[in-house]
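All remarks here apply to the structure that follows.
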Amino acid sequence: TLRPERSNSYNAGLVFNPTKNIKIEASAFYHRLYDFINFIQVGTKTNGQQIFSYQNLANATNKGFELSASTDLVKNLTANMGYQFLIIKDQGITDQIKQGKYPYNKIRNSNTGETRSSVSGDYIGLENRSKHMLNANINYLAPWGITATLRANYRGRYGWGDDNNNQY
């Protein structure tokens with residue numbers, strides 16, 4: 001049974017308009033999460049489709065910053081760009097790595113088969129969360145209220161599955 005998620009959160013942001021058609025925004029955030037509801041892959045069907053479920057994590061942290069800029073290029077044409085830096089970790093795993101406790105005390109290289117002691121830097125955070133994300137789009141407001149959008153997104157590397165049986 002899932003428990004309700006709780007958090008202590010801190011956010012700060014700034015908005016800067018260097019000209020009348022340019023807007024720059026920056027914000028930073030820190031969230032200490034209790035009973036964080038995390039989605040995880042729990043299985044795979046015979047046809048390869050992934051099966052997901054939810055679980056509570058006793059303690060997690062979510063921290064980072066966001067930057068964005070927007071401008072009116074010409075009449076009815078705007079451009080936007082945004083970047084997010086995110087670190088989100090299960091504090092239970094982080095603590096067990098620091099204390100050298102099983103199952104997080106060792107890491108196995110799935111390519112070479114070598115095993116070594118884990119260090120904090122081995123844990124990149126919760127699955128399916130990228131440390132770096134970038135997005136950009138151009139919007140055109142055509143006649144009759146129709147909007148056309150061209151969008152590009154970049155997502156940095158992220159962990160997805162446990163391919164070497166070290167449970168992170």
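The values are calculated or read from the model by the stated rules, or taken from the named source; none is laboratory data. Only a predicted model underlies this, so the values are computations on that prediction, with no experimental measurement involved. The accessibility values were calculated without ligands, DNA or RNA, using every heavy atom of the protein model including side chains. Shrake-Rupley method; radii C 1.70, N 1.55, O 1.52, S 1.80 Å.
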Check your understanding: Got a number for the accessible area of GLU66? Probe 1.4 Å, square angstrom, nearest 10.
Key -> 80 Å²
Review point. Using Cα pairs under 8 angstrom and six or more residues apart, how large is the relative contact order of the chain, in percent?
Key: 17 percent
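Considering only protein heavy atoms, with the full assembly of protein chains and a 1.4 angstrom probe, order MET81, MET133 by accessible area, largest first.
Details: MET81 105, MET133 75 Å².
The ordering from most to least exposed comes out as MET81, MET133.
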Study note, to complete from the structure: For ASP122, the accessible surface traced by a 1.4 Å probe with all protein chains present amounts, in square angstrom to the nearest 10, to 40 Å²
Point to revise | Label assignment, volume of the Cα convex hull per residue in Å³ derived from the structure, set [x] 136; [y] 198; [z] 126 | key: [y]
Check your understanding: How much of LYS45 can a 1.4 Å solvent probe reach, expressed as accessible area in Å² and rounded to 10?
Key -> 100 Å²
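Order PHE36, PHE85, most accessible first, counting only protein heavy atoms with a 1.4 angstrom probe.
Ranked from most to least accessible, the order is PHE85, PHE36.
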